[in-house]
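Participant: Take this structure first; my questions come after.
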Amino acid sequence: MSVFEMEKQNRPRLEGIKKADVCIIGAGMAGLNLAFLLHKSGKKVIVVEAETIGHAQSVHSTAKITCLPGFFYHDLIERVGQEEAMKVARMMRRALAKYADVLYHHQIDCDFERLPFVLVSQEMEKIEKEAKAMTDLGFQVKIEKQGKTALKSGSLLILDNQAQFHPGRWMNEIAKGIEIFEHSRVNRVENHEVFTEHGKVQADQIVFCDHYPFINFPGFYFTKMHQERSYVIALRNVPRERSMIYCPDNPIESLRFSGKTALYSGFSHPTGKGSDEVIKDMKKRAKERFPEAEVIQQWSAQDCMTLDNLPYIGRFSSMRPFWYVAAGFNKWGMIYSMVSALILHDQILGIQNLDAEPFDSLRSIVNTPIEEMKQMWTAVKGYVQEFLTLPELKIEDLAEGEGGIVEVDGLSLGVYKDMDGTSYMVSTRCPHLKCQLTWNKAEKTWDCPCHGSRFDRFGNRIEGPAEKNSIFINKVQQKQTD
Ligand SMILES: Cc1cc2nc3c(=O)[nH]c(=O)nc-3n(C[C@H](O)[C@H](O)[C@H](O)COP(=O)(O)OP(=O)(O)OC[C@H]3O[C@@H](n4cnc5c(N)ncnc54)[C@H](O)[C@@H]3O)c2cc1C
Ligand code: FES
């Protein structure tokens with residue numbers, strides 16, 4: 001459970017037919033920031049949320065709002081050129097300023113704090129290149145060749161006046177006055193209509209802020225994004241440092257404080273391909289760095305990664321000019337949620353914004369870096385893996401409390417064996433696009449390496465893009481011995 005859990009408000013479920021100028025699907029940071037801006041500009045907005053507001057990735061974030069999302073601008077200039085990179089830099093600065101502006105004008109109590117953001121790395125050359133790129137794009141940065149932070153020592157790139165906040169409190173505050181329906185999963189969108197089990201919204205414009213668009217065609221976002229899981233442990237008794245620290249070296253590590261609590265996070269890996277030892281490894285490192293520290297909470301969550309390290313913001317598909325999308329925040333969704341809110345606000349109101357161009361959701365992906373393309377092959381490999389191999393593992397090989405893909409009567413099945421020895425069998429075909437699920441030993445879940453859907457040990461859906469549970473096949477009681 002995250003330290004940023006928020007008060008639940010018991011909002012109504014969508015029933016019957018409602019009408020709006022704009023219907024937003026998903027009430028995370030992206031959906032709510034956009035709803036807030038559109039509402040302030042006089043649009044009638046309806047937000048439809050599958051569960052409760054903010055409950056998904058946004059409340060599990062460590063909520064650093066920064067214009068410096070890791071090593072970013074040097075590569076960006078190399079790929080898109082100085083002029084396009086300048087547009088990105090301007091949107092990042094505008095988004096950060098917008099947070100401060102909303103906070104000031106609406107007196108939002110959410111522990112918003114201005115702090116330096118410090119990038120620490122062993123790679124001095126990369127730090128220097130990033131600093132040069134940022135300076136060329138109008139940022140004021142400082143470098144320390146041999147610097148020290150609470151997290152680790154190395155070369156430092158420092159960007160002052162960034163921010164951190166309590167994302168749960170922010171979302172609860174900006175949601176006030178907006179028409180939001182909770183416990184209303186959207187299961188179909190057709191032209192101008194958004195359908196849930198018990199109702200529908202008719203809207204001029206529809207925006208997908210559902211983290212991973214649950215509609216596959218048109219849009220084809222499943223060919224352009226995968227997901228990565230990251231982990232957080234909350235610690236007490238860590239000497240407070242007045243900065244947010246981020247180390248992009250392998251493994252990625254990050255540290256920020258929330259009052260007396262230190263949030264140590266990172267250790268990301270593609271969903272479905274993690275090590276069982278992540279949390280253990282994090283705790284070991286935390287103990288080495290902060291010998292007095294005591295772990296008070298831990299959690300994990302995941303975010304969508306794009307092919308070129310920029311989010312997809314704009315039209316959902318050229319076939320649906322009145323549908324929009326904000327997705328693929330590459331683990332920097334606090335700043336990008338506001339970038340997307342500003343861009344989509346302008347597009348929906350017909351305001352020209354040339355700085356939106358590099359984020360265009362329909363951009364060509366021909367310049368995609370090779371590493372990102374490799375990640376997309378995971379999806380293809382996931383498709384065929386199941387058909388090419390039959391597992392060697394049998395049910396009897398599984399220890400109690402363990403799961404895995406086993407061979408049962410010539411079939412490949414996912415089996416979890418509980419502490420009584422009862423085995424629960426599920427199909428390992430992901431209901432999204434049929435990739436093979438993998439067993440996540442650390443979290444006892446079935447995870448999809450293709451696009452990051454997750455299911456509990458009994459096959460119940462935890463998170464999408466899959467909309468359904470995995471098929472539960474059978475429950476087998478342990479044989480009684482004489
Ligand atoms: C551990 C961790 C730490 C992070 N730290 C940072 C950080 O320091 N700074 C930063 O900038 N970013 C950070 N991020 C990234 C950031 O948290 C995410 O990018 C951001 O929260 C994504 O917001 P969202 O609104 O797109 O998604 P979500 O918060 O997941 O919201 C999407 C909503 O859509 C709803 N939904 C989905 N499908 C449907 C449907 N069919 N019908 C109706 N509703 C639907 C969901 O229920 C959910 O509420 C971190 C991420 C992780 C995992
Ligand atoms: S096939 Fe897409 S999430 Fe599993």
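Taken together, the values in this text are just the output of simple stated rules run on the coordinates, not laboratory data. The structure presented is a predicted model; accordingly, all values stated were derived computationally and were not measured. As a convention, Cβ positions derive from the backbone with ideal geometry for all residues, glycine included, and neighbour counts pool all protein chains shown.
Participant: Going highest first, how would you order 113-121, 12-20, 128-136 by mean Cβ packing within 10 Å?
Facilitator: 113-121, 128-136, 12-20
Participant: Right, next: Given +1 on the Cβ of Lys and Arg, -1 on the Cβ of Asp and Glu, and no further charges, what dipole in debye does the chain carry about its Cα centre, rounded to the nearest 20?
Facilitator: 780
Participant: Test of understanding: what is the full-extension gain from Asp21 to Glu357, defined as 0.36 nm times their sequence separation minus their Cα-Cα distance?
Facilitator: Full-extension gain reported as 118.5 nm.
Participant: Tally the DSSP beta bridges in the chain and give the antiparallel ones as a percent, rounded to 5.
Facilitator: Looking only at bridges with both residues in the chain, the antiparallel portion is about 75 percent.
Participant: For the chain, what class follows from the C-alpha gyration tensor (a ≥ b ≥ c being the square roots of its eigenvalues): rounded when a/c is under 1.5, otherwise prolate if a/b is larger than b/c, else oblate?
Facilitator: Oblate.
Participant: Mean 1/r over all different Cα pairs, inverted: what Kirkwood radius does segment 388-476 give, in Å?
Facilitator: Kirkwood radius, segment 388-476: 12.7 Å.
Participant: A follow-up question, please. Kirkwood Rh over alpha-carbon pairs of segment 1-145, then Stokes-Einstein at 37 °C and 0.692 mPa s: what D in µm² s⁻¹, rounded to an integer?
Facilitator: 180
Participant: While we're here: What's the ranking of 421-429, 55-63 by average number of surrounding C-beta atoms within 10 Å, highest first?
Facilitator: Highest-to-lowest ranking by the protection proxy: 55-63, 421-429.
Participant: Lys260: which aspartates and glutamates have alpha carbons under 20 Å from its alpha carbon, excluding same-chain residues fewer than 8 sequence positions away?
Facilitator: Glu5, Asp109, Asp111, Glu113, Glu241, Glu288, Glu292, Glu294
Participant: To continue, here is another question. Students often check this: by mean Cβ neighbours within 10 Å, which of 103-109, 453-459, 28-34 ranks highest, and how do the rest follow?
Facilitator: 28-34, 453-459, 103-109
Participant: Kindly flag which residue pairs out of Lys444/Lys475; Lys142/Lys224; Lys224/Lys468; Lys280/Lys444; Lys18/Lys468 have an alpha-carbon separation exceeding 24 Å in this structure.
Facilitator: Listed pairs above 24 Å: Lys142/Lys224; Lys18/Lys468.
Participant: Let me ask another. Using a 4.7 Å cut-off between beta carbons, which cysteines in the chain end up with no partner cysteine at all?
Facilitator: For the chain, the answer is Cys23, Cys67, Cys110, Cys209, Cys247, Cys304, because their Cβ atoms have no other cysteine Cβ under 4.7 Å.
Participant: By the scheme Lys and Arg +1, Asp and Glu -1, what is the net charge of all other residues having a beta-carbon under 11 Å from that of Leu393?
Facilitator: -4
Participant: If R0 is 41 Å, what FRET efficiency do you get for Lys280 and Glu113 from their C-beta distance, rounded to 0.05?
Facilitator: That gives a FRET efficiency of 0.85.
Participant: Using the alpha carbons of segment 138-260, what is the convex hull volume per residue in cubic angstrom, as a whole number?
Facilitator: That works out to 218 Å³ per residue.
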